[in-house]
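The values are calculated or read from the model by the stated rules, or taken from the named source; none is laboratory data. Keep in mind that what you see is a predicted model, and the values were worked out from it rather than measured. Here the Cβ positions follow ideal geometry from the backbone for every residue, glycine too, while neighbour counts run over all protein chains shown. Ligands, DNA and RNA are excluded from the accessible area calculation, which covers all protein heavy atoms including side chains. Shrake-Rupley method; radii C 1.70, N 1.55, O 1.52, S 1.80 Å.
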Amino acid sequence: MKKGKLIFLCVIYILIIIGSTSKFFLTIEEVGNISYGKLNKDDTTTVTINIQYNNLFKTECSLDGINWKDEVLGSCTYDLVNGNYTIYIRNLNDTISKDFTVQVNQIKSFDINLSKWYLAPDETVKILNKMDYVGNPDLKVSYKSDDESVATVDENGVVTGHANGTTTIHVIPQGFAEKTVEIIVTDIIRKQEIDLSKPKLTCKQYNEEEEALLEDILATRVSQRGEGTRAALLEVIRFATMNLKQKIPYFYEHGRLLPYYKGQSKVDGEGRFYHKGLYLTDKDYSDITYVKEKKATWGCPLTNYDDTDGWAVGSKRPNGLDCSGFVTWSLYNAGLDPGDIGAGIIEDVDDMSDFGDKHNLTYEYANSNDYKVGDIIGRNGHVALIAGKDDENIYISESLLYGVRTVTYSYTDKKSKLYTNYEYIGKLDDKYVSDGDYTDMWQKND
C-alpha cells in the first residue's frame, strides 16, 4: 500500500474515533423574567441554544426530531411562545436531547379608561385598568391622590370627591410607567341619585361661565366613555336627570308636527334642542334658526299652543324638552344622530319607535336578558331611555309633565305600571359603535 494512501486512511479512522467519542454540552440561555423590549410583537421570545461540542462534523438542531436546521456559529435560535419544549441536537454519529421551558412574564401594555373626570362632592368614579400581558406577571396596581382633601382613591381604584378643587390620581402598575387622572371636584353638580323633589330650572339661572363648566362636564364624560358608545349615552341621561341640580322643564314642542315656521314643520329650541351642549344662556341663540315666537332658553317663559293634559292655550310655560326632544337631544350629545324625530308609532313615518330593534314589552321580555340599559322604551306618543337596571327595578329617564327626570318601575311585579305605561323596548345594539365601559347602575354599585 502506498504511504500517502495509508496516511489518509489513518486520518479518517482517527476522525471517526474522535467523532464517536465526542460529547455534547447544551446550555439554554436564561429566558424567564425578561425585561420589556425583549418580547417580540407576536408574543414570542427569541431563545438561543448554545452548543458546546468537540467534533469536526456538521451539527443540526430540531424541536420535534423531524425538521432540522444547521447550527450557526455554535448555536441555534427559535422564536417561541411560553411553553415546554425539547431541543434535539445531532451530528453524524449521535443525537441527544434536552428539555427546557420558556416562561416570559411581562406586561406588554398598560392603560386606564380615564384621563380627566369631574365629580360632585360625595360622588364616585372607578378607574378601570386595561392590561395586555403574557405569562404571569405581577398585575398589582397601586393608587395615590396628590390632594386627599379634594378626592381620595381606594385600593380598587374608586375615586371619591370631597371638596371643590383639582387633584391628580396616580395609577402605578408594577414594572410599567404610571398613568394619571385629573380629578376636578365641583359643587355645581350633585352626585348621581334619584331625587324627584328637585326644583325645576328657572330662567337664566346660570351665567355663561357656569354654563361653560356644565357643558365641559358633560362633554368630558362623553369623550372619556367614547363618543357613540352606549356608555356615553348613559353618561348624558344620568347627567341630565341626576347630576344637574334642577330639572329641565317639560315643554310641548311648537313645531315638527305643524307648519309653524314659514310653512315648515319645524321649530328649534322650543320643546326641542337638537344641538350639542345645554340651552341655558343667550349665547346659545346663535344655534337657533327656526322659531315661532321668540328665542327663550330652558326655564324661560314661552307661550303654550297645545291643550294636551289640560294645558291652557295661550298660557306661559317654562321652555324645556318634550319626550322625544329629550331622547333625541341625549342621543345626539352622546354622538349618535337619529334625526330630530318624534315619538309616535305611525306607519310610513320615521319616529323613535323605528330607530331601534323593537320588541313588545311583555313580562317575559322585561325579565329576559335580551335588552340593555341605554336602550329605548316607549309607547305610542311617548319615548324614553333606560338609565339603569338592577335585580328588581328598571330606571327610566324621560321628559313628561313633571320635567326631565329618572323614575323607577318594578319589572319583577306583574302588576307594575311598567306594563301599562310602556309598550315596547327598542334595542340599539346596531346604533352604538360599541358598548364601552358602562355599568347597569350608577355609583351605588361602584
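Quick notes on this one:
- The chain - percent of accessible surface contributed by carbon and sulfur, probe 1.4 Å: 48
- Electrostatic tally near THR86: other residues with Cβ closer than 10 Å to its Cβ, Lys and Arg +1, Asp and Glu -1, net -1.
- Loop-resident trypsin sites (Lys or Arg not before Pro) (DSSP state other than H, G, I, E or B) in segment 360-446 with no more than 12 further Cβ atoms inside 10 Å of their Cβ: LYS414, LYS415, LYS417.
- Proximal lysines relative to LYS295, as straight alpha-carbon distance under 19 Å, when same-chain residues fewer than 8 apart are discounted: LYS204, LYS262, LYS266, LYS276, LYS283, LYS316
- Under 20 Å of direct C-alpha separation, and excluding same-chain neighbours fewer than eight residues apart, LYS191 reaches these lysines: LYS116, LYS126, LYS200, LYS245, LYS247, LYS389, LYS444.
- Residues considered: TYR409, TYR85, TYR424. Largest GNM mean-square fluctuation over the chain, using C-alpha springs under 10 Å, is found at TYR85.
- D_trans [Stokes-Einstein, Kirkwood Rh over alpha-carbon pairs] for segment 111-219, 10 °C, 1.306 mPa s, µm² s⁻¹: 102
- Counting Lys and Arg as +1 and Asp and Glu as -1 over every other residue whose Cβ lies under 12 Å from the Cβ of LYS204, the net charge comes to -4.
- Helix 3-21 axis, angle to the chain major axis (alpha carbon atoms, nearest 10°): 40
- The lysines within cross-link reach of LYS108, meaning a Cα-to-Cα straight distance under 17 Å and a gap of 8 or more places when in the same chain, are LYS38, LYS41, LYS130, LYS140, LYS179.
- Solvent exposure of segment 344-414, expressed per residue, is 45 Å² of accessible area, with all protein chains present and a 1.4 angstrom probe.
- Restricting the trypsin sites (Lys or Arg not before Pro) of segment 117-187 to loop positions (DSSP other than H, G, I, E, B) with no more than 15 neighbouring Cβ atoms within 10 Å leaves LYS140.
- Ranking PHE110, THR241, THR180 by Cα position along the charge dipole of the chain, where only Lys, Arg, Asp and Glu carry charges on their C-beta atoms, puts PHE110 farthest toward the positive end.
- Using C-alpha pairs under 8 Å with a sequence gap of at least 6, the mean separation divided by the residue count of segment 293-402 gives a relative contact order of 19 percent.
- Computed extension gain for ASP413 through SER434, at 0.36 nm per residue and net of the alpha carbon distance, reaches 4.4 nm.
- Between GLU227 and TYR85, the FRET efficiency estimated from the beta carbon spacing at R0 = 41 angstrom works out to 0.30.
- Hull-based mean projected area of the chain, where the convex hull spans the alpha carbons, in square nanometres: 33.3
- Distant-in-sequence amide contacts of GLU423, defined by a placed amide H-H separation under 5 Å and a gap of 5 or more residues or a different chain, comprise GLY378, ARG379.
- Value of D in µm² per second that Stokes-Einstein yields for segment 318-446, Kirkwood Rh from Cα pairs, at 10 °C (1.306 mPa s): 106
- For segment 122-200, accessible area per residue (1.4 Å probe, heavy atoms of protein chains only), Å²: 51
- Rg and Dmax [Cα atoms of segment 371-446; Å; Rg one decimal, Dmax integer]: 12.6, 36
- Averaged per residue, segment 209-322 has 37 square angstrom of accessible surface, using a 1.4 angstrom probe with ligands and nucleic acids left out.
- For the pair ASN105 and THR168, a Förster radius of 30 Å applied to the C-beta separation gives a FRET efficiency near 0.50, rounded to the nearest 0.05.
- Proximal charge balance of GLU293 [Cβ under 13 Å; K/R count +1, D/E count -1]: +2
- Note on ASP70/ASN360: beta-carbon distance plugged into 1/(1 + (r/R0)^6) with R0 of 60 Å gives a FRET efficiency of 0.25.
- Across the chain, the mean sequence separation of Cα contacts (distance under 8 Å, 6 or more residues apart), normalised by length, yields a relative contact order of 11 percent.
- For segment 340-401, applying the loop criterion from DSSP together with a ceiling of 13 other beta carbons within 10 Å to the GluC sites (Glu not before Pro) yields GLU347, GLU392.
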